[in-house]
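The values are calculated or read from the model by the stated rules, or taken from the named source; none is laboratory data. Fair warning: this is a prediction, and the values are worked out from it, not measured in the lab. Virtual Cβ from ideal backbone geometry, glycine too; neighbours counted across all protein chains shown.
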Amino acid sequence: MTHQVTLHKSADYEVQPWKNGQGTTTEISRAYGPGASGDFIWRLSIADITQDGPFSIFAGIDRTLMLLSGQGIELSFDPDEEPVKLEQAYSFHVFDGDQAVDCRLIDGLTRDFNVMTRQGLVRHEFEVLSDMNRQYRLENNGQTLLIFCLGKALTVMVSGTCYRLDHHDTIEINFSADAPVFLSPEVGAACAVIKMHPC
C-alpha cells in the first residue's frame with residue numbers, strides 16, 4: 001500500500017479550551033514526530049471566537065487562520081501598522097505563532113479554521129478551492145495531504161477507493177509513494193487543501 005487514509009467526521013471532533021482560557025478549540029487532527037519534545041508537529045482545528053482579546057502565543061509555530069463564518073475579525077500585529085481584516089468567508093492569513101496578536105470581532109462571534117506546523121520540522125501549503133464544478137486532480141507533493149470540506153459534499157478518490165466528505169469533515173492521507181487524488185464535488189462545493197512537507 002502506498003498510502004494510509006483516515007476519515008475524520010465532524011461529529012467526532014474534540015472540544016478543548018484555549019491556552020489562554022478565552023475561547024474553545026475543536027481539534028480535528030494532530031501529528032507527533034521526533035524533535036518536537038512530545039508536542040505536535042502539525043495540528044488542524046476549528047476555533048470559536050466569542051470576544052475581543054489576544055491570541056495565545058505558540059512559539060516556533062507557523063500558522064494559517066481562515067474565516068469560516070461570521071462577520072469577520074481584525075488581527076493587529078503591530079500598533080504602527082494597519083490590522084489585517086478577514087471579512088469574507090474563506091479568506092485567510094499566514095503568520096508566525098511567536099507574534100503577539102490582538103483580535104477584534106468586527107460584528108459578533110466568528111468561527112475560524114487553523115493550521116499549525118512546527119518550524120524546522122514541517123512546513124505547510126494552504127489552498128482554498130471554491131465554487132467547484134468539475135473533477136479536480138491533486139498531485140501528491142508531500143507526505144501528508146489533508147482536505148477539509150467547507151460546504152457541500154465532495155467525494156475523494158484515492159487509488160480507486162472513494163470517501164465522502166460532508167460539511168466540516170476532513171480526510172487525511174499519508175503517502176509513502178506518489179499517487180494522485182481526485183475530487184468530485186457537488187456543484188458549488190468548496191474545500192481547503194493542506195499539504196504537509198518535512199523540512
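Remarks
- Every test in (1) under 13 Å from the mean Cα position of the chain (by Cα); (2) touching a residue at least 60 places away in the same chain (Cβ under 8 Å); (3) over 22 Å from residue 189 (Cα atoms) is passed by residue 66 save one, and that test is (3).
- Residues satisfying the stated conditions in the range 81-127, i.e. among the charged types (D, E, K, R) and either more than 16 Å from the chain's Cα centre (by Cα) or within 22 Å of residue 190 (Cβ to Cβ) (or both): 81, 82, 85, 87, 98, 102, 104, 107, 111, 112, 125, 127
- Checked against the criterion of being over 20 Å from residue 77 (Cα atoms), small (Gly, Ala, Ser), buried (at least 16 other Cβ atoms within 10 Å of the Cβ) and not assigned by TED's automatic domain parsing to the domain that holds residue 146, the range 40-59 contains one or more residues that satisfy it.
- Scanning the range 31-45 for residues that are touching a residue at least 12 places away in the same chain (Cβ under 8 Å) and in a strand (DSSP E or B), we see that the one that is nearest to residue 16 (Cα to Cα) is 45.
- Filtered residue count, the range 78-94, keeping only those that are surrounded by 10 or more Cβ atoms within 10 Å (Cβ to Cβ) and under 12 Å from residue 112 (Cα atoms): 7
- Restricting attention to the range 1-16, the residues that are in a loop (DSSP other than H, G, I, E, B) and surrounded by 11 or more Cβ atoms within 10 Å (Cβ to Cβ) total 3.
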